[in-house]
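Notes follow once the structure below has been shown.
A short reminder: the numbers here are calculations on the coordinates, not readings from a lab. Just so you know, these numbers come straight off a predicted model, no measurement behind them. Because the Cβ atoms are built from the backbone with ideal geometry, glycine has one as well, and the counts that use them run over all protein chains shown.
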Amino acid sequence: MKIAFFDTKPYDRPSFDRYGAEHGVEFKYFETKLNEDTAELAHGFDGVCAFVNDTVNDKVIDKLYEMGVSVLALRCAGFNNVDMKYAHGKLHVLRVPAYSPYAVAEHTMALLLTSIRRIHKAYIRSKDFNFSLSGLTGFDLYGKTVGVIGTGRIGRVFIDICKGFGMNILAYDKFPAKDIEGERVRYVELDELFANSDIISLHCPLTDETHHVIDRTALDKCKKGVVILNTSRGALVDADALLAAIKSRKVGAACLDVYEEESDLFFEDNSGHILEDDTLARLISMPNVIVTSHQAFLTEEALSNIAQTTVKNIVQMIGSGQCPNELCYRGGSTEDCKDGKCFE
């Protein structure tokens, strides 16, 4: 089996080479992203492997379909970059629904602690032998209320971490998991979560319903000084609204591992270029904002799990025509395939 692997980074190859060799899957690595101009590179391959910032729109899908490519293996959980409605009946879209929820949840807590304890500022000062404590006062997490939007695998791990710090948790999910309610955890509606949370952390997928779940209206409902955490999908947060709320002192701090317009910026070295995205530039310049480059998933364990699951998905789909991690578009919504009848 030959797979065209797009948007390749050095950290991708070791795990994919290992698991590919074990299962007879040969990867051809392309550093370029998958889009309308590069889809032709997949000619002669059995499938393509794509990542979060690859573009799989109707034109890309048509090109892949015309070349006989039938499998799109996403090495990620999210699929908002794929036109699932158009892909239905043309491409088998596979994903990695879970790789390491601990990686993302732990990175979220690392960002929060770094921000509220001013660790990043202290590090920079100490490099210059400046050991002054002025301006480094933080606050305890113990007893604070954190609002967690999305209680899937990652959200649950983050909740467990917060419980370990003695925090109270307000949770929201369209499909509540009642088994996690109990000690210091309570499901509420979004308005109550916004009004009563000292910290809000996003762990939900990007859908039409969750797009800009944090917008001007939501931020107006929040406590003054609220801390916003987003390690999920950039477009969950209206970046312009967030910037305005930071400038007005409504938001006390923001920690972002993702950004709404990141596709042409993140995962690349732009240090020698002028950043044309004024909103991102202004966010990064704020003293109470931390931006990391979509790296929450980047642990050895997660990379191994991603490669192992992706290779398994490809082998199952090409070998038997069925894969439990296939995404189906049915009746106006997208869901994981359960019966292998995705093209009906």
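Helix 101-116 versus the longest principal axis of the chain: what angle, 0 to 90°, nearest 10, using Cα atoms?
30
If the chain between Tyr65 and Asn130 were fully stretched, how many nm would it gain, using 0.36 nm times the residue separation less the Cα-Cα distance?
So the extension gain works out to 17.4 nm.
For labels at Asn57 and Gln295 in the simple 7 Å Cα→Cβ model, what's the distance in nm?
Output for this residue pair reads 3.1 nm.
Can you give me the angle between helix 13-23 and the longest principal axis of the chain, using Cα atoms only, in degrees from 0 to 90, rounded to the nearest 10?
So the helix axis and the longest Cα principal axis differ by about 40 degrees.
Answer with a single label: of (i) 37; (ii) 46; (iii) 69, which was calculated as percent of Cα pairs over 31 Å apart from the structure in view?
Among (i) 37; (ii) 46; (iii) 69, the one derived from this structure is (i).
Given Tyr329, Ala73, Thr309, which one lies farthest toward the positive end of the charge dipole of the chain, if we put +1 on the Cβ of every Lys and Arg and -1 on the Cβ of every Asp and Glu?
Thr309
Can you list the residues of region 121-153 with backbone N under 13 Å from a point 7 Å past the Cα of Leu113, pointing along Cα to Cβ?
Under cut-off, by backbone N: 141-142.
Going down the table (Lys174/Lys224; Lys33/Lys121; Lys127/Lys163; Lys2/Lys33; Lys33/Lys250; Lys178/Lys250), which pairs top 28 Å between alpha carbons?
From the list (Lys174/Lys224; Lys33/Lys121; Lys127/Lys163; Lys2/Lys33; Lys33/Lys250; Lys178/Lys250), the Cα-Cα distance tops 28 Å for Lys33/Lys121; Lys127/Lys163; Lys33/Lys250; Lys178/Lys250.
If you add up the charges near Ala307, with Lys and Arg at +1 and Asp and Glu at -1, over every other residue whose beta carbon is less than 9 angstrom from its beta carbon, what do you get?
On the way: positive: Arg18, Arg75; negative: Asp12, Asp17.
With Lys, Arg at +1 and Asp, Glu at -1, the neighbours total 0.
Taking the Cβ of Gly20 as the centre, find all other residues whose Cβ is under 15 Å away and add up their charges (Lys, Arg: +1; Asp, Glu: -1).
Details: positive: Lys2, Arg13, Arg18, Lys28, Arg75, Lys312; negative: Asp12, Asp17, Glu22, Glu26, Asp46.
Taking every other residue near Gly20 into account, the sum is +1.
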